[in-house]
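Nothing in this text is a laboratory measurement; each read-out follows from the coordinates by a stated rule. Computed from a predicted model, the values in this text were never measured in an experiment. In this analysis, Cβ positions are derived from the backbone assuming ideal geometry, glycine residues included, and neighbour counts consider all displayed protein chains.
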Amino acid sequence: MFRELGQMLLLFGETVKALPLAWRQRRKVAEQLFEIGNASLFMACTLSLFIGGVLALQAGPLLTQRGLGSLLGGLVGESLTKELGPVMMAILLAGRIGSAMAAELGSMRVYQEIDALRTLNIDPIRFLVLPRVLALAVSLPCLVIFAILVGSAGGALVAHFNHDVGVPASTFFNNLRSTLELRDLLHGLLKTFLFAVMIGVVCCNQGLQTLGGPRGIGRSVTKAVVNSIVFILVLDYVVTRLLLPLARYHG
C-alpha cells in the first residue's frame with residue numbers, strides 16, 4: 001500500500017513538472033475531453049436527474065409535514081452542489097473513464113509500447129499521463145455544474161407533481177436561488193477538481209505499473225476503480241472537514 005502511495009505521489013510530481021509543456025499537448029487534451037464528454041454526458045444527465053428526484057421525494061414529505069416545504073429547493077441545491085454532485089460524478093468517471101485509462105495504459109505497458117516511447121526519447125508522462133489528467137480536471141467540474149442544473153430540475157419536477165410534497169416549482173427555485181451562494185459552488189468545484197486529479201493519477205499509475213499479460217490488465221483496471229472510489233470518499237471527508245470551519249464562520 002505504501003509503495004503504491006509513493007508511486008502515485010511520484011507520478012503526481014512528474015505530472016506537475018510537465019505542466020509547462022501542456023500547450024504542446026493541446027490536441028491530445030481536446031481528444032480526451034471529447035471522449036470523456038461523449039462517454040459520460042448521457043449517464044451524468046440520467047444519474048443527476050434521478051438523484052435530485054430522490055432527494056425531493058424523500059425530504060419533501062418530511063419538510064411539508066413540519067410546514068417547511070418551501071425550504072426544499074435549498075436543501076436539494078446544497079446537497080447536489082456540495083456533496084452528491086461532486087462525489088457521484090467522480091465515481092461515475094472513475095468507473096467509466098478511469099477504467100478505460102488504466103486498461104489503455106496497461107495494454108501499452110504489457111505490449112512494450114511504453115518502452116518504445118522511452119526508446120524514442122518521448123516522455124510517457126508528458127505524452128500519455130498529462131493530457132488525461134488535464135482533461136479530467138477540466139471535464140469533471142463541467143459535468144458537476146451540469147449535474148447540479150439537471151438534478152435541481154429533477155427535484156423541482158418531483159416537488160411540483162408529487163402530491164406528498166406539493167411544493168410549486170416557482171417556490172422550489174426561489175428558495176434554491178436564495179439559499180445557494182457562490183462559496184457553496186466553489187466548495188463543490190474545489191472537491192471536484194481534487195477528485196479529478198486524483199482519479200487521473202491513480203488510474204494512470206495503475207496502468208503504467210501493469211504486469212502479467214491480459215490477466216494483469218484486468219487486475220490493474222479493478223484496482224484502479226476500487227482505489228479511486230476509496231480515495232474519493234476519504235478525500236471528500238478530508239476536504240469537507242477542512243472547509244467546515246469556513247462555512248460556519250460565514251454562516
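Here are the numbers:
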read-out: Relative contact order (%) - the chain, alpha-carbon pairs under 8 angstrom, separation at least six; value: 33
read-out: Calculated diffusion of segment 44-121, Stokes-Einstein form, Kirkwood radius summed over Cα pairs, 37 °C and 0.692 mPa s, µm²/s; value: 210
read-out: Candidate lysines - alpha carbon under 30 Å from residue 82, same-chain residues fewer than 8 apart omitted; value: 191, 223
read-out: Choice from 223, 17, 191 with maximal GNM fluctuation in the chain (Cα, 10 Å cutoff); value: 17
read-out: Full-extension gain in nm, residue 122 to residue 240, via 0.36 nm per residue minus C-alpha separation; value: 38.5 nm
read-out: Size of electric dipole in segment 45-185: Cβ of Lys, Arg +1 and of Asp, Glu -1, about Cα centre, debye, nearest 20; value: 80
read-out: Per-residue HN-Hα couplings for segment 66-71 [Karplus 6.51, -1.76, 1.60; θ = phi - 60°; Hz; x = Gly/Pro]; value: 9, x, 10, x, 5, 8
read-out: Proximal lysines to residue 28, defined as alpha-carbon separation beneath 22 angstrom and excluding residues fewer than eight positions away on the same chain; value: 17
read-out: Cα radius of gyration and Dmax for segment 80-182 (Å); value: 21.0, 67
read-out: Ranked packing of 158-165, 54-61, most packed first, by mean Cβ within 10 Å; value: 54-61, 158-165
read-out: Chymotrypsin sites (Phe, Trp or Tyr not before Pro) within segment 15-112: DSSP coil, no more than 16 neighbouring Cβ in 10 Å; value: 111
read-out: Extension reserve of the residue 50-residue 115 stretch, reckoned as 0.36 nm per residue once the Cα distance is removed; value: 18.9 nm
read-out: Computed E for residue 1/residue 26 - FRET, C-beta separation, R0 30 angstrom, nearest 0.05; value: 0.25
read-out: Relative frequency of Cα-Cα separations exceeding 21 Å in segment 2-250, percent; value: 61
read-out: Farthest toward positive dipole pole in segment 2-250 [+1 Lys/Arg, -1 Asp/Glu at C-beta], among 121, 195, 11; value: 121
